[in-house]
Each structure stands twice: as C-alpha cells, then as structure tokens.
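Input: a single structure, listed below in structure tokens.
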Amino acid sequence: MTAALLAGLLAGYGIAIPVGAVGTYLVSLTARTSLRTGACAALGVATADGLYALLAAAGGSALAAALRPVLTPLRWASALVLVALAVRGAVLALRQYRAHRMATRPERPVPGAGRAYLGLLGITLLNPVTVIYFVALVLGTSTTDAVRPLERAVFVLAAFAASASWQLLLAGGGALLGRVLTGHRGRLATTLLSSGVVLVLAVRMTVTPG
C-alpha cells in the first residue's frame with residue numbers, strides 16, 4: 001500500500017511540476033480573475049491527470065495500443081485550443097485596457113469557476129504529454145496486472161492529490177501576482193506576456209516528436 005501511495009505521488013508530481021503551456025495559462029488566468037476561479041481551474045487540470053492515471057492503472061498495454069494512433073491529432077487539437085485561448089486572452093486584455101482608459105464601459109465579466117474548471121479539464125485531456133506520460137508509466141510497469149484493486153485506487157488518488165496540490169500552488173502564485181499587479185497596465189503586460197509564452201509552447205508542441 002505504501003509503495004502504491006509513493007508511486008502515485010511521484011507520478012502526479014512528475015506530470016504536474018514541469019510548467020508548460022497549461023500551467024502558464026493557469027497562472028495567467030488566476031492573476032486576471034480570482035483565486036476561486038484559479039483554484040477551480042487547477043482542480044480541472046488535476047481531474048484530468050487523475051482520470052489518465054485511472055485509465056493507465058486499469059487499461060495497461062491495451063490503453064497504450066488504443067491511444068498511440070491518435071496522439072498526433074491530440075497534439076494538434078491541444079495546440080489549436082491553446083493558441084485560441086492565448087489570442088482570446090490578449091484580445092480581452094487589450095479591450096479591457098482600452099475600456100478603462102476611455103471610461104465608456106466596465107470590464108467584461110471574468111470566467112466563472114465552473115467554466116474555468118471545464119475549460120482546463122478539456123485542455124489537459126487533450127494534452128498529448130499527459131497521455132504519453134501515463135502510457136509510458138504503464139508500459140514501464142511489468143507487474144500492472146498483478147496489482148490489487150485497492151492498491152490501484154491508492155495510486156490513482158495519490159496521483160490526483162499530488163497534481164492538485166501543485167496546480168493549486170500555481171493558482172496561488174497567480175493570485176499573488178494579480179494582487180501585486182493591480183494596475184491595468186501591469187495586468188495588460190502580464191497577460192500579453194503570458195499569451196506570447198503560451199503561443200510559443202503551443203507551436204513547440206506541434207513540432208516536438210511524440
């Protein structure tokens with residue numbers, strides 16, 4: 001049981017800690033909205049990681065064989081979604097900044113917590129890095145079929161908890177960033193910078209071998 005717990009924690013932190021396009025977007029989203037919205041988005045990412053950990057623990061090599069042909073379409077779909085989010089974030093930031101300067105209309109409403117959760121859940125489910133990671137985890141474990149159901153459950157829950165703790169830490173950092181950069185110019189600058197980083201990472205995602 002302890003081994004399954006440690007394996008799950010290591011798996012969860014292993015996929016969560018490298019901050020890529022999704023993590024960058026999470027921090028940016030929290031900085032320009034609220035900690036509540038960012039926390040829900042963070043749990044969306046962790047839910048996706050937990051689902052893939054569950055599929056990996058239950059499916060084994062069959063899951064790997066089923067997912068291998070669609071990794072390239074998933075990579076492109078994920079990149080397109082991230083590009084759309086980056087562009088939308090930049091456009092909204094510019095509109096809000098102009099609206100504030102002209103003082104003709106209030107800022108557009110920020111995404112709700114539920115929408116943030118579903119959005120980050122969908123993006124992470126499309127992320128081929130997550131798919132490849134857990135598939136490799138399964139293929140690298142020759143004793144997967146011999147693991148008891150309870151140990152598999154512990155593994156999955158530990159992976160989810162590890163991912164959730166790290167994503168919530170990123171959201172907390174985004175909230176602190178939002179408090180520091182309270183000015184409209186500061187928020188505009190950080191949103192545009194974040195959108196640029198997400199665009200670069202999304203492009204890299206399409207050219208990195210799977």
**Full-extension gain in nm, LEU118 to ALA3, via 0.36 nm per residue minus C-alpha separation** = 38.2 nm
**Request:** May I ask you to derive the FRET efficiency for ARG98 and SER165 from their Cβ-Cβ distance with R0 = 35 Å, giving the value to the nearest 0.05?
**Result:** 0.35
**Item:** Length added when fully stretched, ALA189-LEU150, from 0.36 nm per residue minus Cα-Cα
**Value:** 9.2 nm
**Fill in**
Neighbour-count ranking for SER163, SER28 (other C-beta within 10 angstrom, fewest to most) reads SER28, SER163
**Item:** ALA84-LEU10 FRET efficiency (beta carbon distance; Förster radius 22 Å; 0.05 resolution)
**Value:** 0.10
**Fill in**
Total charge of the residues flanking LEU85 in space, meaning their Cβ is under 15 Å from its Cβ, with Lys and Arg +1 and Asp and Glu -1, is +3
**Prompt:** When PHE155, PHE160 are ordered from fewest to most other Cβ atoms inside 10 Å of their Cβ, what list results?
**Reply:** PHE160, PHE155
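Taken together, the values in this text are just the output of simple stated rules run on the coordinates, not laboratory data. What you see is a predicted model, and the numbers here were worked out from it, not measured in a lab. No Cβ is skipped: glycine too gets one built from the backbone with ideal geometry, and neighbour counts run over all protein chains shown.
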